Amino acid sequence: MSSRIATVPNLLTMLRMVLIPVFVSLLFYQRFYWALAVFVLAGVTDGLDGLLARRFNQKSQLGSILDPIADKLLLVTSFIVLALPSISPQQQPPSHLPVPFWVTTAVISRDVFILVGAAAINVVTGFRSFRPSLLGKLNTVVQIVAVVLILIAAGIPSYISGYYLPTVYVTVFMLAILSGIHYVFFASKLLNEERRASE
């Protein structure tokens, strides 16, 4: 049992979760480029844990649960903290910072909607074989890139960040809404496939 828990991929996932309070602390003290470095490091561990799990056959049930939780914790925490006015640079804050409330709300609402929906389906039908859709994966990638661009914007002149941040916000918002709606149909498809397989 311990050999399936203390695997390198699982340890990397746990490291990513440990980095979240470090990331938040750096944002609080407005060390944006250090925060960016920690966020990138967390992203590297995300790529490595999946790669190592496949390469060395170290996939585990714990890892399949912890990995998406770690991803969502990092991204949701990032958008919540970056939406706080006190986090924005006090000296000549860049345009379009902090992150608008409607963007953060869309990010959080999507994940809560999917989580509650999956829990309800599991209670009613016993179905557990949920997996991310292609659009859901794209949504995650876009949110990661968005956080990187927002952190960069915190340290550059507003006349530069003001050009791309509105586009970043609209893209994150629209993709969160679309991927959330799409997952309803995707989950229904998965459920129907399992029903046909069991017949």
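Ellipsoid fit via the Cα gyration tensor, the chain: semi-axes of 33, 22, 13 Å, each the root of five times an eigenvalue, largest first.
Rounded to whole numbers, the Karplus 3J(HN,Hα) couplings from phi for the stretch 101-110 are 4, 5, 6, 4, 4, 5, 4, 5, 4, 4 Hz, using 6.51 cos²θ - 1.76 cosθ + 1.60 with θ = phi - 60°, and x at Gly and Pro. I'd like the distance between the alpha-carbon centres of the stretch 159-176 and the stretch 17-39, rounded to an integer number of Å. Going from one Cα centre to the other spans 22 Å. Helical runs (DSSP H, four residues minimum) scored at -39500 (n - 2.57) apiece and divided by the length of the chain put the mean residue ellipticity at 222 nm at -27500 deg cm²/dmol. Could you work out which residue, out of Leu138, Leu27, Leu74, moves most in a Gaussian network model of the chain, that is, has the largest mean-square fluctuation with Cα springs under 10 Å? In this elastic network of the chain, the residue with the biggest mean-square fluctuation among Leu138, Leu27, Leu74 is Leu138.
Over the stretch 99-199, Cα pairs under 8 Å with separation of 6+ residues give a relative contact order of 47 percent. Using a Förster distance of 45 Å, how high is the FRET efficiency between Val22 and Arg196, based on the Cβ-Cβ distance and rounded to 0.05? It comes out at approximately 0.45.
With loop membership from DSSP and a limit of 12 other Cβ atoms within 10 Å, the longest segment of the chain without chymotrypsin sites (Phe, Trp or Tyr not before Pro) is 57-199. Each residue of the stretch 73-86 is assigned a 3J(HN,Hα), and the resulting list reads 4, 5, 6, 5, 4, 4, 5, 5, 5, 5, 8, 7, x, 5 Hz, derived from the Karplus form 6.51 cos²θ - 1.76 cosθ + 1.60 (θ = phi - 60°), x at Gly and Pro. For the stretch 35-48, backbone phi angles converted through the Karplus equation (6.51, -1.76, 1.60; θ = phi - 60°) give residue-by-residue couplings of 4, 4, 4, 5, 5, 5, 4, 4, x, 5, 5, 5, x, 5 Hz, Gly and Pro being listed as x. Converting the Cα gyration tensor eigenvalues of the stretch 86-199 into ellipsoid dimensions via √(5λ) gives semi-axes, longest first, of 38, 13, 9 Å. Take every pair of alpha-carbon atoms less than 8 Å apart whose residues are at least six positions apart; their mean separation over the length of the chain yields a relative contact order of 24 percent. In plain terms, the chain from Val184 to Val112 could stretch by 24.6 nm, reckoned as 0.36 nm per residue minus the Cα-Cα distance.
All of the numbers you see were taken from the coordinates with simple rules; none came from a lab. Bear in mind that the values here come from a model prediction, so they are computed numbers and not experimental data. All Cβ positions, even for glycine, are placed from backbone atoms using ideal geometry, and neighbour counts span all protein chains on display.
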